[in-house]
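Notes to accompany the following structure.
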Amino acid sequence: MAQIKTSGADGQADLEVASEGTAGSVFTVLSTNVATSSHSRLNVSASPSAGSTGGNAELSVYSRSQDAVAQIKTSGDGGQADLEVLSEGTAGSVFTVLSTNVATSSHSRLNVSATPSTGSTGGSAELFVYSRSLSAIAQIKTSGVDGQADLEVASEGTSGSALTVLSTNVATSSHSRLNVSASPSTGSTGGDAELFVYSRSQDVVAQIKTSGADGQADLEVASEGTAGSVFTVLSTNVATSSHSRLNVSASPSAGSTGGDAELFVYGGNAELSVYSRSRSQDAVAQIKTSGADGQADFEVASEGTRGSTLTVLSTNAATRSHSRINISASPSHGITGGSAELGVMSRWKNAAVQIDGVSAALDLRSMSYDGAATATVRTYGDLGSTCGVRSYNNLSTSHATVEILADHQQLNSTSSGDAQLLMVSKHQDASGLVAAYGEEATSSLYVGSHGTDGASATVRATKAHPNASARVVFAASGNSTVSGNSTTTVRAAHQDARVTMSAAGAESIARGSLQTAGARSALLTIRSTNSASSSTASVVVAALAPSDDDSTSGDGRLSVSSKHQAARLHLQATGGDSRAHAQVN
């Protein structure tokens with residue numbers, strides 16, 4: 001035993017191993033005994049015999065011009081090399097790896113390495129930072145102008161590598177957080193904040209998960225800069241199975257209820273792009289709910305001046321490259337289901353639906369027995385509403401057609417509903433216009449029936465007012481010199497053809513007028529072309545009282561008048577036994 005000791009109040013005990021030669025100096029603490037208790041120990045201790053204060057215990061390894069090396073090493077099979085920096089005081093403990101030289105090669109480095117000298121196996125390399133009651137902080141920081149702070153978790157083994165940010169406390173404030181932040185202390189510029197997850201040959205998985213009863217898992221891609229933000233789901237492989245997919249799913253592990261699955265795109269220019277570069281694969285976006293009371297919503301909303309647009313676009317030249325919006329209420333089983341509705345509403349401006357194409361079709365179909373297919377064009381504005389069916393092609397086959405068809409699709413069906421065209425105006429005119437402007441075009445309005453109840457076209461005025469007339473006007477109005485005929489034809493192939501004019505008012509008159517302003521005559525012809533002797537052509541002018549009162553009636557008059565020429569009534573019979581007969585009673 002060798003002891004260097006001083007008992008003086010200001011005494012200092014020094015042991016100096018000094019060398020001024022080329023071989024330097026060595027201070028060795030060595031144990032060569034084979035006993036496991038034969039320790040070799042260097043104690044540097046500041047331990048006063050009494051009181052609670054004392055000096056520092058310091059171990060200084062210093063080299064003025066060469067390396068300073070401290071090695072703690074064991075070669076034993078079960079040996080463990082420990083370096084413990086321990087403090088029981090209020091100031092804690094610090095383990096510092098420090099470099100103060102200005103050279104760019106003057107690195108400061110802490111190596112924690114498990115590198116066996118031979119073989120392919122060895123122990124773990126662990127860095128453990130633990131605090132029992134306060135924060136545990138590991139900071140990797142550089143203040144250099146061109147400095148880069150790197151934390152790399154790398155594995156070349158079969159078990160891979162893991163970087164875990166874990167919180168096990170039960171407090172609601174015990175958050176577990178990974179911050180990747182590029183936040184300069186001053187100025188308005190800085191570098192990017194990047195999180196890079198890469199796998200060369202296997203899956204890349206990033207999971208944000210909470211198992212808490214009221215927990216919420218959030219992934220936010222936020223930008224306050226002019227370039228905005230992008231969330232990209234990208235697949236660059238050429239395989240047809242190399243799908244690119246974004247799943248937004250509310251799928252409870254048990255039970256039949258759960259939360260909503262929502263995809264919310266909002267902002268100045270808010271964009272959702274689903275793109276497939278392959279010529280032969282699909283780009284699919286599906287919004288689906290399987291909940292009994294679930295509702296699947298897709299909303300394109302804008303509060304800005306540019307409005308909002310939902311575009312379904314096909315740019316391929318193939319004839320089967322259709323562009324289609326399917327609005328279908330088609331239950332997987334059963335014979336009932338909800339309505340299929342397309343609502344287009346504008347609160348202050350026009351509401352328009354435009355369908356363009358070589359053949360533009362709008363098909364509203366209801367397959368349910370209790371269902372109805374309805375198309376409503378409605379406005380609350382001053383300019384009213386219009387439903388236009390227009391054809392702008394110059395071919396004679398390019399028709400503009402509105403078809404109202406009540407046709408039961410079952411074979412051998414004998415019944416169906418009515419086909420109705422209803423035009424109602426509560427306070428103004430209700431008008432229907434059939435017009436043709438072509439040189440040889442014809443305007444036709446056909447009312448046909450194949451049933452036993454016949455066909456009927458009714459013009460009726462129900463208002464109790466003397467000016468509320470019911471009119472049918474046939475006018476051939478050309479230019480100032482030429483126009484066509486205005487013709488009314490009433491024809492029955494096998495039964496009577498009748499024109500009835502009835503006025504039931506106390507002072508009303510039933511009138512029929514044939515008038516011409518031209519050089520030709522105004523002609524009323526009543527003709528019978530049948531060869532039977534009973535097939536007469538008759539004009540009956542009769543003033544008949546009602547059947548319950550035959551005491552009085554009006555005159556029965558036939559008036560033939562001409563202002564400047566002769567007024568003639570011509571009776572002619574050309575048959576062999578016929579006669580022309582005029583009877584006045």
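The values are calculated or read from the model by the stated rules, or taken from the named source; none is laboratory data. As the structure is a prediction and not an experimental result, all values here were calculated from the model. Cβ placement follows ideal geometry from the backbone for every residue including glycine, while neighbour counts extend to all protein chains displayed. These accessible areas exclude ligands, DNA and RNA; they are computed on the full protein's heavy atoms, side chains included. Shrake-Rupley method; radii C 1.70, N 1.55, O 1.52, S 1.80 Å.
Things to note:
- Look at (1) open to solvent by 80 Å² or more (accessible area, probe 1.4 Å); (2) modelled with pLDDT under 80; (3) not hydroxyl-bearing (S, T, Y) and you find that A476 fails only one, number (1).
Every residue, every condition in (1) open to solvent by 100 Å² or more (accessible area, probe 1.4 Å); (2) over 30 Å from N101 (Cβ atoms); (3) of a type outside the set (A, V, I, L, M, F, W, C); (4) touching a Pro at 6+ places or on another chain (Cβ under 9 Å), yes or no:
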{"position": "E20", "(1), (2), (3), (4)": "yes, no, yes, no"}
{"position": "V29", "(1), (2), (3), (4)": "no, yes, no, no"}
{"position": "N43", "(1), (2), (3), (4)": "yes, yes, yes, no"}
{"position": "G51", "(1), (2), (3), (4)": "no, yes, yes, no"}
{"position": "A68", "(1), (2), (3), (4)": "no, no, no, no"}
{"position": "A81", "(1), (2), (3), (4)": "no, no, no, no"}
{"position": "E88", "(1), (2), (3), (4)": "yes, yes, yes, no"}
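- The set of residues in the range 207-248 being closer than 30 Å to N169 by Cβ and open to solvent by 90 Å² or more (accessible area, probe 1.4 Å) consists of Q207, I208, K209, S211, A213, D214, Q216, D218, L219, E220.
- Of the residues screened, S99 is one that is surrounded by 10 or more Cβ atoms within 10 Å (Cβ to Cβ) and of a type in the set (G, A, S).
- Criterion: modelled with pLDDT of 80 or more and open to solvent by less than 70 Å² (accessible area, probe 1.4 Å) - qualifying residue of A464, A492, A470: A470
- Pair list, Cβ under 7 Å, 6 or more apart: the range 1-12 residue assigned to a loop (DSSP other than H, G, I, E, B), other residue hydrophobic (A, V, I, L, M, F, W, C) and open to solvent by less than 90 Å² (accessible area, probe 1.4 Å): I4/A13; K5/A13; T6/A13
- Identity of the residue in the range 102-127, among the β-branched types (V, I, T) and open to solvent by 100 Å² or more (accessible area, probe 1.4 Å), that ends up nearest to V44 (Cα to Cα): T115
- For the range 56-64, the count of residues that are closer than 20 Å to Q3 by Cα and surrounded by 10 or more Cβ atoms within 10 Å (Cβ to Cβ) is at least one.
- Filtering T379, T309, T336, T305 for residues that are open to solvent by 80 Å² or more (accessible area, probe 1.4 Å), farther than 26 Å from A436 by Cα, in contact (Cβ under 8 Å) with a residue 24 or more places away in the chain and part of a loop (DSSP other than H, G, I, E, B) leaves a single hit, T336.
- Within the range 399-418, being open to solvent by less than 100 Å² (accessible area, probe 1.4 Å) and at pLDDT 80 or above holds for A400, T401, I404.
- Meets criteria (in contact with a Phe, Trp or Tyr (Cβ under 9 Å, 6 or more places away or on another chain), more than 24 Å from A361 (Cβ to Cβ) and either modelled with pLDDT of 70 or more or not in a loop (DSSP other than H, G, I, E, B) (or both)) for A292: no
- Within the option set T481, T462, T488, being of a type outside the set (A, V, I, L, M) and touching a residue at least 12 places away in the same chain (Cβ under 8 Å) holds for one residue only, T488.
- Cβ-Cβ under 8 Å pairs, at least 6 apart or on other chains, the range 69-89 side under 26 Å from S108 (Cβ atoms), far side surrounded by 10 or more Cβ atoms within 10 Å (Cβ to Cβ) and of a type in the set (V, I, T): A81/T74
- Check on V472, under 52 Å from the mean Cα position of the chain (by Cα) and in a loop (DSSP other than H, G, I, E, B): yes
- Just one of the listed residues (T168, T172) is in a loop (DSSP other than H, G, I, E, B), over 24 Å from L151 (Cβ atoms) and either open to solvent by 100 Å² or more (accessible area, probe 1.4 Å) or of a type in the set (D, E, K, R) (or both), namely T172.
- Residues of the range 499-521 that are open to solvent by 60 Å² or more (accessible area, probe 1.4 Å) and over 21 Å from A461 (Cβ atoms): L514, Q515, T516, A517, A519, R520, S521.
- Test result for S75, of a type in the set (S, T, N, Q), open to solvent by less than 70 Å² (accessible area, probe 1.4 Å) and part of a loop (DSSP other than H, G, I, E, B): no
Here is a yes/no grid of residues against (1) of a type in the set (G, A, S); (2) surrounded by 10 or more Cβ atoms within 10 Å (Cβ to Cβ); (3) assigned to a loop (DSSP other than H, G, I, E, B):
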position: M423; (1), (2), (3): no, no, yes
position: A441; (1), (2), (3): yes, yes, yes
position: Y446; (1), (2), (3): no, no, yes
position: G451; (1), (2), (3): yes, no, yes
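- Residue within the range 263-282 that is at pLDDT 75 or above and open to solvent by less than 100 Å² (accessible area, probe 1.4 Å) present: no
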